[in-house]
Amino acid sequence: MKIAIITGITGQDGSYLAKLLVEKGYKVVGTTRSYNQSSTEKLKYLGIQDSVKIEEADMSDVFSTIKLINKYAPDEIYNLAAQSSVGLSFEQPIGTLQYNITSVLNILEAIRMSNSKIKFYQASSSEMYGKVKKLPITEDTALHPLSPYAISKATAYWTVVNYRESYNLFACNGILFNHESYLRSNNFFVKKIIRESIAISKNKQEVLKVGNIDIKRDFGFTPDYVQAMWLLMQHHTAEDITICSGKSIYLREIIIHIFKNLGISEDKLIIDPTLFRPVDIEDMYGDNTKAKVIIGWQYDKSFFNVLDLILEEELRLNTVSS
Ligand code: NAP
């Protein structure tokens, strides 16, 4: 039986990846910085809370990292734990850089010292590309990060490449573009739009206030994206691969789609310049050819269908109270 450690198992991606690995017959160990009832909510939602082992561990602490790896002797480590919000990274730049970089170095050092056969997956992000000159983004596009989050992910990315090249580790970067699901945290754009729109439709909120929505992004569906993480780790060589839908849509289109579905008038939409980011990019989309050809990943969903799924689930579970 293969053993996998998933750092950040309580998050959106960690939960879906855990489900996938449990279904594939892995023993799954997941980390959280601090265990409490709410931290396993997403695992409960997917019905796998009793099929995974949860460990309290902080990857920014090297001893905690070494202890965890020695205890479980994993075959694969998926490093998903991170301060994952771009917006929050402008509020907490030092904490974001410290955690997102140190944690990767600690795990790679621990692998190098304990068992260099352990495979390592790093949750890299399309945010690293930032100010792009040419679309679509490919694995060869130069990195030009535009936020503390993106800087942390770019540094982690190069650390992974460096450990692979210097020490011959199986260390790979899955460079994921935005992906969404019902389990995405409520403070991220798509979930925020859906939940606040539901509140408007129930007369519990007056208007929807948003920042710059005349920008385009490449969005996908999380359960398909975690499949790519696993495929990347099964390939015979460690690769860095972009995982994306290959198309971008305006944030405004997302709002209009949700408003239409809920019968909300467009005059409920307010653009608030105080919510604009310090820097933003007009359009971003990637090329998923390498993912399709090299690791055999398949993806052809329309993001509007994904939106419908998330909206349906929010309405079914009826958790919007304000
Ligand atoms: P998420 O829901 O925010 O989960 C990340 C987990 O990391 C949290 O549940 C948290 O678990 C843990 N964590 C550890 N240190 C943290 C810290 N300092 N601050 C906040 N949380 C911390 O993120 P996700 O959407 O699953 O994304 C997984 C990984 O993929 C992240 O590294 C993210 O940056 C990256 N990524 C995500 C996307 C996307 O569209 N979702 C795109 C590209 C890359 P505990 O509180 O239990 O410790």
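The values are calculated or read from the model by the stated rules, or taken from the named source; none is laboratory data. None of the values given here were measured: they were computed from a predicted structure. Every residue, glycine among them, receives a Cβ derived from its backbone with ideal geometry; neighbour counts consider all protein chains shown.
Consider the stretch 49-67. How many of its residues are touching a Ser or Thr at 6+ places or on another chain (Cβ under 8 Å), away from the ligand (no atom under 12 Å from the Cβ) and closer than 21 Å to W230 by Cα?
1
I'm told N70 meets every condition in (1) near the ligand (Cβ under 10 Å from one of its atoms); (2) at pLDDT 95 or above; (3) surrounded by fewer than 18 Cβ atoms within 10 Å (Cβ to Cβ); (4) among the polar types (S, T, N, Q) except one. Can you identify the failing condition by its number?
(1)
Consider the stretch 157-190. How many of its residues are in contact with a Ser or Thr (Cβ under 7 Å, 6 or more places away or on another chain) and within 12 Å of the ligand (Cβ to nearest atom)? Before you say what the answer is, go through the steps one by one.
Quick first cut of the stretch 157-190, residues in contact with a Ser or Thr (Cβ under 7 Å, 6 or more places away or on another chain) only: 157, 167, 169, 173-177, 179-181, 183, 187.
Restricting the remaining residues to those that are within 12 Å of the ligand (Cβ to nearest atom) gives 157, 173-177, 179-181, 183, 187.
Qualifying residue count for the region: 11.
Which residue, of L43, L20, is under 19 Å from the mean Cα position of the chain (by Cα) and over 25 Å from L108 (Cα atoms)?
On the way: L20 fails: over 25 Å from L108 (Cα atoms).
It is L43.
Is one or more of the residues making up the stretch 69-92 under 20 Å from L169 (Cβ atoms), touching a Lys or Arg at 6+ places or on another chain (Cβ under 6 Å), not hydroxyl-bearing (S, T, Y) and not assigned by TED's automatic domain parsing to the domain that holds R277?
Yes, the stretch 69-92 contains a residue that is under 20 Å from L169 (Cβ atoms), touching a Lys or Arg at 6+ places or on another chain (Cβ under 6 Å), not hydroxyl-bearing (S, T, Y) and not assigned by TED's automatic domain parsing to the domain that holds R277.
What are the residue pairs meeting all of these: first residue in the stretch 168-188, first residue more than 15 Å from D13 (Cα to Cα) and not assigned by TED's automatic domain parsing to the domain that holds S124, second residue within 8 Å of the ligand (Cβ to nearest atom) and part of a loop (DSSP other than H, G, I, E, B), Cβ atoms under 9 Å, and 6 or more apart or on different chains?
N187/S85
Go through the stretch 1-29 and give me each residue that's within 9 Å of the ligand (Cβ to nearest atom) and not in a loop (DSSP other than H, G, I, E, B).
Filtering the stretch 1-29 for residues within 9 Å of the ligand (Cβ to nearest atom) gives 7-17.
Across the stretch 1-29, the qualifying residues are T7, Q12, D13, G14, S15, Y16, L17.
Working carefully through the options D240, D224, find the one that is surrounded by fewer than 20 Cβ atoms within 10 Å (Cβ to Cβ) and either without any contact (Cβ under 8 Å) to a residue 12 or more places away in the chain or under 19 Å from R184 (Cα atoms) (or both). Reasoning before the result, please.
Numbers: D240 fails: either without any contact (Cβ under 8 Å) to a residue 12 or more places away in the chain or under 19 Å from R184 (Cα atoms) (or both).
Step by step, each of D240, D224 is checked, and only D224 is surrounded by fewer than 20 Cβ atoms within 10 Å (Cβ to Cβ) and either without any contact (Cβ under 8 Å) to a residue 12 or more places away in the chain or under 19 Å from R184 (Cα atoms) (or both).
G296 - would you say it is under 17 Å from V226 (Cα atoms), at pLDDT 95 or above and of a type in the set (G, A, S)? Lay out the reasoning, then the answer.
Details: under 17 Å from V226 (Cα atoms): yes; at pLDDT 95 or above: yes; of a type in the set (G, A, S): yes.
Yes: the conditions hold for G296.
Out of all the residues in the stretch 299-316, which are farther than 15 Å from E196 by Cα and free of Cβ contacts under 8 Å to residues at least 12 places away in the same chain?
Scanning the stretch 299-316 gives D300, S302, N305, R316.
Here is a list: S103, S125, S89, S51. Which entry is of a type in the set (G, A, S) and surrounded by fewer than 17 Cβ atoms within 10 Å (Cβ to Cβ)? Give the derivation first.
Details: S103 fails: surrounded by fewer than 17 Cβ atoms within 10 Å (Cβ to Cβ); S125 fails: surrounded by fewer than 17 Cβ atoms within 10 Å (Cβ to Cβ); S89 fails: surrounded by fewer than 17 Cβ atoms within 10 Å (Cβ to Cβ).
Just one listed residue meets the conditions, S51.
Out of curiosity, is S114 closer than 15 Å to G8 by Cβ and either touching a residue at least 12 places away in the same chain (Cβ under 8 Å) or not basic (K, R) (or both)?
Working: closer than 15 Å to G8 by Cβ: no; either touching a residue at least 12 places away in the same chain (Cβ under 8 Å) or not basic (K, R) (or both): yes.
So S114 does not fit the description; no.
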